[in-house]
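What follows draws every value from the coordinates through simple rules; no lab data is involved. Note that the structure is predicted; figures quoted are calculated from it, not measured. With ideal geometry, Cβ positions are generated from the backbone for all residues, glycine too; neighbour counts draw on all protein chains shown.
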Amino acid sequence: MTEFEVIFSYNGRNEIIMCKKDEYMIDIYKRYSKSIQEDIKKLYFLYNGNLIYPELKFESIIQKDENIINILVNELYNYEENEKKLKQSKNIICPFCYEICLINLNEYRINFSNCKKGHRFSNIMFDEYFDFQKIDESLIICDNCEGEDKNKKSEVNNNLFYKCFTCNINLCPLCKEKHKKK
């Protein structure tokens, strides 16, 4: 099987990682982050100006005649500050869309599947499981607040938010009181 070269550019330094066409990007990212000794959760990856999601296979992002691709690596802004806003989920969630999903254990590895959006994510080691089960509460916003400064779950007292099951929207405590009860 043909091997491909992925050239990662990060902080002015290039690193080459070899991969196969049918590999998932997350596996390539893990090898790269291990080689540069950086936490993969602190990085994001761009190819041709587009964010490359870890659930994609390598073959889905390359052109047919390419054997070498260049990926730009950047560090997430304020990683330490964002880490404080992460909360451990009480349910098993998909690492991509944070919807409830199923897990399957196979040879000491965890595979995620059957979320609402159909994502599949595999080959997670046990010690990595809890890293993929965290939710960034700063991304959960009130759907009823008006204006640009909508309340975020991470900034509300006791991180208390509500969900209207009729409208299927998130509500901060102030908007919950104004929201129709029926």
Filter the chymotrypsin sites (Phe, Trp or Tyr not before Pro) in the range 153-182 down to the DSSP loop ones having no more than 13 other Cβ atoms within 10 Å, then list what survives. F165
Under the helix-only model (-39500 (n - 2.57) for each DSSP H run of 4 or more, divided by the residues of the chain), the mean residue ellipticity at 222 nm, to 500 deg cm²/dmol, is -3500 deg cm²/dmol
For the chain, longest principal axis from Cα atoms; helix 25-36 axis from its Cα atoms; angle between them, nearest 10 degrees, is 70
Restricting attention to the range 91-182, which GluC sites (Glu not before Pro) occupy a DSSP loop and are surrounded by at most 11 other Cβ atoms within 10 Å? E107, E146, E148
If you build a Gaussian network model of the chain, linking Cα atoms that sit under 10 Å apart, which residue out of L72, L139, L56 swings the most? L139
For the chain, list the cysteines whose Cβ sits under 4.7 Å from no other cysteine Cβ? C19, C97, C175
Could you calculate the FRET efficiency of T166 with I92 from 1/(1 + (r/R0)^6), where r is the beta carbon distance between them and R0 is 41 Å, rounded to 0.05? 0.95
So for the range 3-76, averaging the separation of alpha carbon pairs under 8 Å that are six or more residues apart and normalising by length, what relative contact order in percent results? 42
Exceeding 22 Å between C-alpha atoms, which entries from my cross-link table qualify? They are K87/K180; K57/K153; K150/K180; K117/K150; K30/K57. K87/K180; K57/K153; K117/K150
For the range 9-154, what proportion of DSSP beta bridges, expressed in % and rounded to the nearest 5, is antiparallel? 95
